[in-house]
Amino acid sequence: MDKRLLFRRLLFSVILLLSVGIAVAGYFERGDVSIFLKALLPFSAGAVGLASTFYSSVDRAAKDRVRQGFQQASGSYFDEEPRAKRLFYKGYCAWATDQFSNANHYLIKAEKAAKLPAAKARIQFYIGCSSLDEQRLGKALEYFQKAVDSDSSFDQAWSNLATVYFTLNRPNEALACCQNALAYNPRNAFAYNKMADYYYRSGDYEKANSLFARAVAELPDQPVMHMNYALSLAALGKQQEALEHYRIAVNGGYQEPEQALAQIQAHLNAIAEQKKIVETTEPVRQKPKIKC
């Protein structure tokens, strides 16, 4: 549990106990019932404060999004695991609202409560996600690996395991994880995108381009996919197509489009410069003289 949250709960609990203790002691000493009314204000403050530590201050729209996300995350895997599902829900809500210590607390409990491997895998996956958000790569690696061990067909866990391996500069293992993700789900756009990003950074623009194209085909509403595809198109000198996907990404809400446009222009400039070099270094061929 988060130390700050624990401190707040202890503080409000002490306020509650003190207000009750002082009121009871005053009543027995003086027999004055009004002492309870005087203790009502600090008691109410303590009660409200303590209650607030069990509920996050998330607006209704955000709560609805969290519930929908949880329904997708839990699926039907917890139909026979009601206790594990309750704990998983608490942990998922904490993770979705960036309360990572609380998320870890409840998710670990949920993992212990879960009996079915597929249900346990979903919990382990979100322990990994929470750890990755906190940049705790060792723990993220451990729990994504546990998730695929519990359910080898869990393509999202394979994809996130690849993310950790890429971050740890272990590309061979990362690419193998992406391949596993695609073997179980050939429509996993994120696995295509991660592989493409690796090849793009390695300078293999042709391979990156084909993989980014698959990612865009699977997630056409995702602006990041379009921008990545635009960069690979620009790297191949396909200016019109690159600018078309750039505009789609910007219209879709892509963040920092100016930086991406500068990268696109840099690719196009580099290709134009290469063409100039080729043209100026190409040997001039003389026409053969015709002998009369």
message = Let me check something: with ligands and nucleic acids excluded, how do 60, 83 order by accessible area (1.4 Å probe), largest to smallest?
response = 60, 83
ask   = What order, most packed first, do the peptides 187-200, 243-256, 105-118 have when packing is the mean number of other Cβ atoms within 10 Å of each residue?
value = 187-200, 105-118, 243-256
task = For residue 247 and residue 145, calculate 0.36 nm times their separation in residues minus their Cα-Cα distance, and state this gained length in nm to one decimal.
result = 32.9 nm
query = Any idea how far apart residue 266 and residue 60 come out in nm if each label point goes 7 Å out from Cα toward Cβ?
reply = 4.7
request  = Could you rank 130, 153 by how accessible they are, 1.4 Å probe, largest area first?
outcome  = 153, 130
message = Please compute the Kirkwood hydrodynamic radius of the range 79-211 from all pairs of different C-alpha atoms, in Å with one decimal.
response = 15.1
key: Gain on full stretching of the segment that runs from residue 20 to residue 67 - 0.36 nm per residue minus C-alpha separation   = 13.1 nm
request  = Would you kindly derive the ³J(HN,Hα) couplings of the range 123-136 from the backbone phi angles with the Karplus curve 6.51 cos²θ - 1.76 cosθ + 1.60 (θ = phi - 60°), listing them in order in whole Hz, with x for Gly and Pro?
outcome  = 5, 4, 4, 6, 5, x, 4, 4, 5, 5, 4, 8, 6, 9
request  = Could you rank 218, 81 by how accessible they are, 1.4 Å probe, largest area first?
outcome  = 218, 81
query = Could you give the length gained on full extension between residue 204 and residue 7, defined as 0.36 nm per residue of separation minus the Cα-Cα distance, in nm?
reply = 65.6 nm
query = At what distance in nm do the modelled label points of residue 83 and residue 108 sit from each other, each positioned 7 Å from its Cα along Cα→Cβ?
reply = 1.8
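The values are calculated or read from the model by the stated rules, or taken from the named source; none is laboratory data. All of these numbers come straight from a predicted model, not from anything done at the bench. Every residue, glycine among them, receives a Cβ derived from its backbone with ideal geometry; neighbour counts consider all protein chains shown. Areas reflect the complete protein model, heavy atoms only, side chains present, ligands, DNA and RNA absent. Shrake-Rupley method; radii C 1.70, N 1.55, O 1.52, S 1.80 Å.
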